Amino acid sequence: MQFLRGAYERLSGLIRELAKFGTIGAIAFVIDVGGLNFLQYGLQWGTLTSKVIATGVATTFAYFGNRFWTYRHREQSGLAREYFLFFLLNGVALLIGLLCIGFTRYTLELTDPLSINVANLIGIGLGTLFRFWSYKKWVFLAATEEVPKELPDEVTRAR
């Protein structure tokens, strides 16, 4: 019975974490896709330049959302270290997206908005899988001490 209880707690914790990660990711997704389209088609900037800037803004939002909401219960190993690793790993995810868009635009020579956006969505999807795995492994580390069931701000609100 103890095994089942432990498995249930781990699974429910993972589901909560995935839901929060997904919420932050959805907002960052809107920033990324909206920013790419606005910069490329609204301001007529280059495709890859637009992608880099849009992803940079989305990544900054995602860092703070994940650090202070999704993974707030995890050990904090220093803002500078986390921020550096977060952006390094997002650089890998950005490279995945740039490869998808660059292949579509420059190899397949598809430059219409639909083709660019489909390539962007594929790149975002692949990058998201990489980010979820890498954040847990290297950026937002598991707590080394038992986390209280009620976090301090939740205890204060309950009173």
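Numbers below:
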| read-out | value |
| --- | --- |
| Estimated FRET transfer efficiency when R0 is 25 angstrom, pair Ser12-Phe132 (beta carbons, to 0.05) | 0.90 |
| Region 1-121 - percent of accessible surface contributed by carbon and sulfur, probe 1.4 Å | 73 percent |
| Extension gain, Val57 back to Val118 (0.36 nm per residue minus Cα-Cα distance, nm) | 19.9 nm |
| Cα-based shape type of region 36-93, given that a ≥ b ≥ c are square roots of the gyration tensor eigenvalues and the cut on a/c is 1.5 | prolate |
| Inter-probe distance in nm under a simple model that places probes 7 Å from Cα toward Cβ, at Thr23 and Phe84 | 3.2 nm |
| Reference-scaled alpha-carbon Rg (2.2 N^0.38 Å with N residues) for region 1-79 | 1.51 |
| Paramagnetic label zone (point 7 Å from Cα along Cα-to-C-beta, Thr111; backbone N under 16 Å) in region 19-42 | 40-42 |
| Accessible area expressed per residue, region 1-144, with surrounding protein chains retained (probe 1.4 Å, Å²) | 57 Å² |
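The values are calculated or read from the model by the stated rules, or taken from the named source; none is laboratory data. Source: prediction; values computed, not measured. For neighbour counting, all protein chains shown are included, and Cβ atoms are generated from backbone atoms with ideal geometry for every residue, glycine included. The area values use the complete protein model at the heavy-atom level, side chains included, leaving out ligands, DNA and RNA. Shrake-Rupley method; radii C 1.70, N 1.55, O 1.52, S 1.80 Å.
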